[in-house]
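The values are calculated or read from the model by the stated rules, or taken from the named source; none is laboratory data. Just so it is clear, the model here is predicted, and its values are computed rather than measured. Because the Cβ atoms are built from the backbone with ideal geometry, glycine has one as well, and the counts that use them run over all protein chains shown.
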Amino acid sequence: MSGDSEIQALIQAKIRDIPDYPQPGVLFKDITPLLGDGPAFVAVVEALAATAGPVDKVAGIEARGFILAAPVACELGAGFVPVRKQGKLPAATIAESYQLEYGSATLEVHADAFGPGDRVLIVDDVLATGGTAAATATLVRRAGGEVAAITVLLELEFLKGRSKLSDLDVHSLLTV
Ligand code: AMP
């Protein structure tokens, strides 16, 4: 098996499908079995980090993105920046709202999180419709950073998230 297919097999084996969570009709991709397996966790963090060139910051999206983005930042020798749900960050923020299937959501980042032209890798667990990743990319740019790439563990291809990210370099370790 090549490195890539080993990682794909690992992710496939360690991500658990939970039907009808958090609401009927959603097949939730539960990454906790992967996180709970030390060698598997190390392997996916290394694989996520390998998708990026040199970056200054790694931005993680609350909440599961934090768990992956922080060790990826350490691996790359980069800073970590939390992208949080509205009202959670203590200092001055920039906010970006986006549409969900029902209603809308708002993400925020500290206004001083990035230096001018900082190269930023965005990390999350799952790319679904792409709204979360697209809003995060907009936030990074509005805060003065440059989006180097977006990297996720798992991409749900049928939801066509990439179509919202067409101007960006998007990597997924596994596409289903
Ligand atoms: P989206 O904005 O539709 O691309 O949704 C992506 C965000 O929602 C990510 O932060 C994921 O953690 C979460 N998410 C969306 N769909 C799923 C799913 N089926 N299983 C697990 N997490 C999901």
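List of remarks:
- If you go through the range 117-172 and keep only what is among the acidic types (Asp, Glu) and under 19 Å from ALA47 (Cα atoms), you end up with ASP124, ASP125, GLU155, ASP169.
- Flag if ASP37 is among the charged types (D, E, K, R) and more than 10 Å from the ligand (Cβ to nearest atom): yes
This table checks each residue for (1) assigned to a loop (DSSP other than H, G, I, E, B); (2) out of contact with any Ser or Thr (no Cβ under 9 Å at 6 or more places or on another chain); (3) in contact (Cβ under 8 Å) with a residue 12 or more places away in the chain; (4) on the phi > 0 side of the Ramachandran plot.
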site	(1), (2), (3), (4)
ASP112	yes, yes, yes, no
ILE122	no, no, yes, no
ASP125	no, yes, yes, no
ALA133	no, yes, yes, no
THR136	no, yes, yes, no
ALA148	no, yes, yes, no
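- Verdict on ASP169 being within 21 Å of ASP4 (Cα to Cα) and either at pLDDT 95 or above or away from the ligand (no atom under 12 Å from the Cβ) (or both): yes
- Verdict on LEU154 being in a strand (DSSP E or B), in contact with a strand residue (DSSP E or B) (Cβ under 6 Å, 6 or more places away or on another chain) and either farther than 30 Å from ARG16 by Cβ or more than 10 Å from the ligand (Cβ to nearest atom) (or both): no
- The condition (being more than 11 Å from the ligand (Cβ to nearest atom), in contact with a Lys or Arg (Cβ under 8 Å, 6 or more places away or on another chain) and of a type in the set (Lys, Arg)) is satisfied by just one residue among LYS14, LYS57: LYS57.
- Qualifying strands (runs of 3 or more DSSP E) (wholly inside the range 1-97; at least 2 residues being surrounded by 15 or more Cβ atoms within 10 Å (Cβ to Cβ)): 27-30, 57-61, 79-85
- Cβ pairs under 8 Å, 6+ apart, first in the range 14-35 and in contact (Cβ under 8 Å) with a residue 24 or more places away in the chain, second within 11 Å of the ligand (Cβ to nearest atom) and of a type in the set (D, E, K, R): ILE15/LYS29; ILE15/ASP30; LYS29/ARG16; LYS29/ASP17; LYS29/ASP125; ILE31/ARG64; ILE31/ASP125
- In the range 90-129, of all residues being within 10 Å of the ligand (Cβ to nearest atom) and farther than 26 Å from LEU48 by Cβ, the one that is modelled with the lowest pLDDT corresponds to GLU101.
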